[in-house]
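The values are calculated or read from the model by the stated rules, or taken from the named source; none is laboratory data. Model, not experiment: these values are computed from the prediction. Every residue, glycine among them, receives a Cβ derived from its backbone with ideal geometry; neighbour counts consider all protein chains shown.
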Amino acid sequence: MEAFSRPAESPAEERPDAALLQRARQGDATALDQLLRRYQASLMRYSLRMCGGDEEDAKDVLQESLMSAARHLGGFRGDAKLSTWLFTIARRFCLRKRSRHAPRGVQSVALAESELEHPGPAPEQALATRELLNALEEALRNLDPLNREILVLRDVEGLKAREVAEVVGMGEAQIKSRLHRARVAIRSAIGTSLSDAPALQGADALAESCPDIEQAFSRFLEGEVGPEMCTELQHHVDKCARCRGACEGIKQVLAVCRALPAPEVPEALQESIRSAMKAELAKAER
């Protein structure tokens with residue numbers, strides 16, 4: 001397994017936010033709808049994790065965040081990506097929400113059947129997917145709150161580490177350090193649900209001399225491991241079934257994070273947000 005070969009760069013997704021923003025500022029309802037649909041589900045998913053799974057709090061945060069964004073669109077200069085700016089706003093409202101009342105007990109983030117269905121899966125596969133996503137939700141709830149936020153922003157929402165640093169207000173090195181710990185913790189928590197679990201249960205002849213392969217592999221994914229170290233680690237992985245399984249486990253953690261479904265934003269809430277944002281944009285035009 002070529003664990004430590006550099007993955008091919010995927011082409012960047014076209015996100016002509018600047019053009020849409022300009023049109024939205026000019027009162028273009030279609031552009032505003034496109035921006036809302038582009039980001040509202042991701043902001044809702046992030047807010048759910050920040051608010052401990054409380055759906056009503058997450059809805060409030062989504063509405064307050066987008067309203068605030070509408071009020072301050074004129075001051076958005078584009079120094080950061082729009083997504084980074086929006087997550088920064090949402091984070092501020094999440095923290096305010098958290099400080100207003102004591103935690104009411106962590107609620108489970110429900111995974112609707114429709115969110116887990118894919119065309120034609122076998123019942124066993126659908127069940128395994130559901131169980132894996134539920135295991136991930138449980139593992140996320142048990143993470144340190146800041147580590148959970150960093151992992152969600154990086155591995156669920158797809159922000160780059162430097163963008164996560166902008167949202168959270170920390171140095172990039174600190175972000176990466178916490179991210180590595182969070183990935184390893186999730187890997188440990190959901191290990192029995194991953195397909196590589198049996199490979200990790202048996203002792204390996206090289207186990208006593210194994211490096212901290214999960215941390216090393218996570219660091220590699222963030223560009224922190226140089227070519228010589230990559231070669232050395234790959235030589236070890238080629239000989240060590242345990243470490244091959246550990247690397248595969250981190251890969252599967254990232255895959256299941258990316259597969260975490262975004263919640264459906266209720267149509268009534270969408271309409272409320274859309275109307276309120278149009279009113280804010282109209283005020284700004286006066």
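Pairs, please: C-beta under 8 Å, at least 6 apart or cross-chain, first residue part of a helix (DSSP H, G or I) and in segment 188-201, second at pLDDT 75 or above and of a type in the set (D, E, K, R)?
That search, which allows pairs on different chains as well, returns Ala189/Glu138; Ser193/Glu131; Ala199/Arg242; Ala199/Arg244; Ala199/Glu248; Leu200/Arg242.
I want to confirm something. Restricting to segment 267-282 and keeping residues that are in contact (Cβ under 8 Å) with a residue 40 or more places away in the chain and either surrounded by fewer than 12 Cβ atoms within 10 Å (Cβ to Cβ) or among the small types (Gly, Ala, Ser) (or both), which single residue is farthest from Ala182 (Cα to Cα)?
Looking at the filtered set, the residue picked out is Ala282.
Identify the residue in segment 47-69 that is buried (at least 24 other Cβ atoms within 10 Å of the Cβ) and among the small types (Gly, Ala, Ser) and, among all such residues, is nearest to Ser272 (Cα to Cα).
Once the filter is applied, the top-ranked residue is Ser65.
Return the residue satisfying two criteria in turn: it lies in segment 140-161 and is assigned to a helix (DSSP H, G or I) and in contact with a Ser or Thr (Cβ under 9 Å, 6 or more places away or on another chain), and of such residues it is farthest from Tyr39 (Cα to Cα).
Arg141
Could you list, in sequence order, all residues of segment 44-56 that are closer than 22 Å to Ala259 by Cβ, in a helix (DSSP H, G or I) and not hydrophobic (A, V, I, L, M, F, W, C)?
Result: Arg45, Tyr46, Ser47, Arg49, Glu55.
Taking only segment 77-92 into account, find how many residues are touching a residue at least 40 places away in the same chain (Cβ under 8 Å) and assigned to a helix (DSSP H, G or I).
Going through segment 77-92 one residue at a time, the tally reaches 8.
In segment 238-286, how many are part of a helix (DSSP H, G or I), under 30 Å from Ser65 (Cα atoms) and among the acidic types (Asp, Glu)?
Here the count works out to 4.
Among the numbered criteria (1) in a helix (DSSP H, G or I); (2) among the hydrophobic types (A, V, I, L, M, F, W, C); (3) touching a helix residue (DSSP H, G or I) at 6+ places or on another chain (Cβ under 8 Å); (4) closer than 21 Å to Ala18 by Cα, which single criterion is violated by Ala41?
(3)
Being modelled with pLDDT under 90 and touching a Ser or Thr at 6+ places or on another chain (Cβ under 8 Å) narrows it down to one residue among Ala207, Ala262; which is it?
Ala262
Within segment 13-46, how many residues are within 12 Å of Arg274 (Cα to Cα) and either hydrophobic (A, V, I, L, M, F, W, C) or at pLDDT 90 or above (or both)?
The total comes to 7.
Would you please list the contacts, defined by Cβ atoms under 7 Å and residues six or more apart or on different chains, that run from a residue in segment 212-241 that is closer than 20 Å to Ala173 by Cα to a residue that is among the acidic types (Asp, Glu) and part of a helix (DSSP H, G or I)?
Going by the 7 Å Cβ cut-off, there are no qualifying pairs.
Return the residue satisfying two criteria in turn: it lies in segment 72-91 and is basic (Lys, Arg) and surrounded by 15 or more Cβ atoms within 10 Å (Cβ to Cβ), and of such residues it is farthest from Gln22 (Cα to Cα).
Arg91
If a residue has to be over 14 Å from Leu221 (Cβ atoms) and not in a loop (DSSP other than H, G, I, E, B) to count, how many in segment 165-176 make the cut?
Number satisfying all stated conditions: 7.
List, please: which pairs have Cβ atoms under 6 Å, are six or more places apart or on different chains, and start with a residue in segment 123-139 that is part of a helix (DSSP H, G or I) and end with one that is at pLDDT below 65?
These pairs meet every condition: Thr129/Leu116; Arg130/Leu116; Leu133/Leu111; Glu137/Val109.
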